[in-house]
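Student: What follows is a structure written as structure tokens; I'll ask about it next.
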Amino acid sequence: MKHIARKRFGQHFLADPAILDAIVDAIDPKPGEPLVEIGPGLGAMTNPLVARSGALTVIELDRDLAARLRQRSALEVIEADVLRVDFRALAERKGAALRIVGNLPYNISSPILFHLLEVADCVRDQHFMLQKEVVDRMVAAPATAAYGRLSVMLQWRYAMEWLLDVPPECFNPPPRVDSAVVRMRPIESPAAVDAALLSELVRVAFSQRRKLLRHSLGRWLEARGSTSSFDLHRRAEEVPVGDYLALAQELDPKPR
Ligand code: SAH
């Protein structure tokens, strides 16, 4: 039966064999690895992944698509909203750090990235198709237009690599935006900082990205009674990730 793509689920199915090959080659799945695919859809990426890994866990919210996928014995189908999936429990059950992949639903890509950030210690790597604009922000270096909260929060926990750009024509139906594939590898010993504190600090810093930090972060630090020597005569976008991490550590030296 023909599946009609559902807009509300961000369904844009990959339909370009060369791009699929390139992504699966980049992932390079090996037999027995704990591979998890988010949003398998009609299985464009699922099939070549299973061909190499032998087995695969897939997380799909669309009931009709999940039912189709359940026909395939090599797949473990979790019919659920990915944002409610307990990846820590999944990794414990598999007894190994997960390899997570997916052509993500773009309407919830940031929530997915932040949901996974909490379990980065249970993950070996992540390969995601995302809106290109989001990938640009993820991998951005300081003093560039795309550098912001997403860059700092993710670069704290992951080494990230832009892999390839994918134009709208490679999908059916084509999305309105350009796409890109990114690789994320959790950093072995990330700075021990409180995630909520770092998130708040970076949000305040970037709330007025064109102004000097003393107008935004300076006031916030003052209100907290901080005597930090953090250089506030910079703009948020000029501050390297390491400086934000150091400040968060200074404010809360013993998180959790
Ligand atoms: N991987 C497929 C489909 C990508 S489209 C391909 O490349 O062709 C995004 C997929 O994510 C769709 O199958 C959609 O049903 C699924 N999806 C959307 N929201 C989801 C959610 N909250 N949790 C899990 N899957 C979701």
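The values are calculated or read from the model by the stated rules, or taken from the named source; none is laboratory data. Treat the numbers as computed from the prediction; the structure is a model and nothing was measured. Every residue, glycine as well, gets a Cβ built from its backbone with ideal geometry; the counts of neighbours run over all protein chains shown. Just the protein is used for accessible areas: all its heavy atoms, side chains included, with ligands, DNA and RNA removed. Shrake-Rupley method; radii C 1.70, N 1.55, O 1.52, S 1.80 Å.
Student: Can you give me the Cα centroid spacing of segment 1-52 and segment 184-256 in angstrom?
Tutor: 38
Student: Rounded to two decimals, what is the ratio between the C-alpha radius of gyration of segment 1-67 and 2.2 N^0.38 Å?
Tutor: 1.14
Student: With the cut-off at 31 Å, tell me which of the pairs Lys7/Lys211; Lys7/Lys30; Lys30/Lys132; Lys2/Lys94 have Cα atoms farther apart than that.
Tutor: Violating the 31 Å limit, Cα to Cα: Lys7/Lys211; Lys7/Lys30; Lys2/Lys94.
Student: While we're on this one: Provide, for q = 0.13, 0.16 Å⁻¹, the log10 of I(q)/I(0) from a solvent-free Debye sum over equal Cα point scatterers in the chain.
Tutor: These q points yield log10 I(q)/I(0) values of -0.85, -1.15.
Student: Now for a separate question. Using a 10 Å cut-off on Cβ atoms, rank the peptides 228-237, 120-129 from the highest mean neighbour count down.
Tutor: In decreasing order of mean packing, 228-237, 120-129 become 120-129, 228-237.
Student: Can you give me the accessible area per residue for segment 76-186, using a 1.4 Å probe, in Å²?
Tutor: On a per-residue basis, 42 Å².
Student: Please compute P(r) over all alpha-carbon pairs of segment 93-209, binned at 10 Å starting from zero, and give each bin as a whole-number percent.
Tutor: Percent of Cα pairs in each bin: 13, 44, 33, 10, 1.
Student: Using Cα pairs closer than 8 Å and at least 6 residues apart in sequence, work out the relative contact order for the chain, in percent.
Tutor: Dividing the mean separation by the residue count of the chain yields 16 percent.
Student: Moving to a separate point now. For the chain, with all protein chains present and a 1.4 Å probe, just round the carbon and sulfur fraction of the accessible area to a whole percent.
Tutor: Carbon and sulfur together cover 51 percent of it.
Student: Report, to one decimal in Å, the Kirkwood hydrodynamic radius for segment 56-137 based on all distinct Cα pairs.
Tutor: 13.6
Student: Taking a probe of 1.4 Å, how large is the accessible area per residue of segment 15-56, in Å²?
Tutor: Here the per-residue accessible area is 38 Å².
Student: Over the Cα atoms of segment 195-251, what radius of gyration and what Dmax do you get, in Å?
Tutor: Calculated on Cα positions, Rg and Dmax stand at 9.9, 25 Å.
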